[in-house]
1. Counting only residues that are over 17 Å from Phe87 (Cβ atoms) and under 25 Å from the mean Cα position of the chain (by Cα), how many does region 1-46 have?
2. Determine whether region 238-247 contains at least one residue that is farther than 30 Å from His27 by Cβ and either outside the structural domain of Gly199 (by TED's automatic domain parsing) or surrounded by 15 or more Cβ atoms within 10 Å (Cβ to Cβ) (or both).
3. Among the residues of region 126-143, which ones are in a strand (DSSP E or B) and loosely packed, with under 15 Cβ neighbours inside 10 Å?
4. Please tell me if Val176 is touching a Leu at 6+ places or on another chain (Cβ under 7 Å) and touching a residue at least 12 places away in the same chain (Cβ under 8 Å).
5. Is it fair to say Ser7 is of a type in the set (Ser, Thr, Tyr), touching a residue at least 12 places away in the same chain (Cβ under 8 Å) and either more than 26 Å from Arg268 (Cβ to Cβ) or crowded, with 21+ Cβ neighbours inside 10 Å (or both)?
6. If I filter region 47-90 down to residues being among the small types (Gly, Ala, Ser) and under 24 Å from Ile146 (Cβ atoms), which single residue comes out as farthest from the chain's Cα centre (by Cα)?
7. Return yes when Leu34 is in contact with a helix residue (DSSP H, G or I) (Cβ under 7 Å, 6 or more places away or on another chain), at pLDDT 90 or above and closer than 28 Å to Leu112 by Cα and no when it is not.
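The values are calculated or read from the model by the stated rules, or taken from the named source; none is laboratory data. Here the structure is a predicted model, which is why all the values come from computation and not from measurement. A quick note on method: Cβ atoms are made from the backbone with ideal geometry, for glycine too, and the neighbour counts reach across all protein chains shown.
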Amino acid sequence: MTEYITSMRKHIGHERLLIVGASVFVHKDGKLLLQKRMDNGCWSDHGGCCELGETVEETARRELHEETGLVANTLELLGVFSGKELFYTYPNGDMVSNVNIAYLCDDFSGELKFQTNETTDLRWFGLNEFPENISTPVKPALQRCIDVLNTRLNMKVRFEVVRIDEQFRKQVDCLVVENWAGSHVVTRGVLHDTRIHPGFVAIANGKIVGYVLYHILNSDCEITVLESMNEGQGIGRALVNAVVEASKNAECRRIWLVTTNDNTHAIRFYQKIGFILKNVHINAINESRKLKPQIPLVGCDGIPIAHEFEFEMRLGK
């Protein structure tokens, strides 16, 4: 309970108090993470009241971390919920009228663990597997969340991953030139001609929706290019899995790659699918630009491109 609410209760006792708060629904692989509240024994999202001077997004991020240990990398607004449906009386008799700003988070980091004394359990539930004892004020936002996720899952792109052959080679080469400032890429001071690298494409309705290129040297497989045209559909993961299988068949010891410091989305993605951060090469892009002057000075989110993040995945023992 915030200091503000505590002070107000001194004046109004248990009378109904208008409260503004924020909540987060955490989503992963078609499941939502809920917490079981200690005060009423019901399942709920993760959230709480705004502190004075705090934005609702700050509240959402703070409450999520306090209650689960997770950090929201991105938050998507689900909606603003209010009215009599959100009236609630706490076990101690305090009455409130909630105004809840609810968010959906499917991009997060951190280790899942209890962080407060308000929770007795944390559990993942499928979209059709929720328990009956859902906290009443949570239900409107939860239903909105379920509707949004079901719509997206029904719209999920159906694709297949196939090896790049003559049919797709020219298309992939054109995509690399268009999206990577030319057919060559630079990693760790080496200029690569991607036109000779093998790889895989993800195909949906006859069109390329993602591609990956790699090359093998001295039992090490390096991913030189990876791109998905439809984020959040599992395309990138499927393409990397194809490279993993090819690397195992070639008896490689590891798969490795580099990405630049501005590409925070890729940095999160590679760690999610099993890569570890091996090295950070400070100001390595200065040398790369000597080999490829087309490398821009500024990248994603206006971040200057300067450093290389090297990731690796060990194969076998």
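1. 17
2. We begin by selecting, within region 238-247, every residue farther than 30 Å from His27 by Cβ; these are 246-247.
Among the residues that remain, those that are also either outside the structural domain of Gly199 (by TED's automatic domain parsing) or surrounded by 15 or more Cβ atoms within 10 Å (Cβ to Cβ) (or both) are: 246-247.
Looking through region 238-247, at least one residue is farther than 30 Å from His27 by Cβ and either outside the structural domain of Gly199 (by TED's automatic domain parsing) or surrounded by 15 or more Cβ atoms within 10 Å (Cβ to Cβ) (or both).
3. Across region 126-143, the qualifying residue is only Gly126.
4. No.
5. No.
6. Gly83
7. no
Quick grid of which residues meet (1) over 25 Å from Glu245 (Cα atoms); (2) of a type in the set (A, V, I, L, M); (3) in contact with a strand residue (DSSP E or B) (Cβ under 9 Å, 6 or more places away or on another chain):
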residue: Phe130; (1), (2), (3): yes, no, yes
residue: Leu142; (1), (2), (3): yes, yes, yes
residue: Arg152; (1), (2), (3): yes, no, no
residue: Lys156; (1), (2), (3): no, no, no
residue: Phe159; (1), (2), (3): no, no, yes
residue: Thr187; (1), (2), (3): no, no, yes
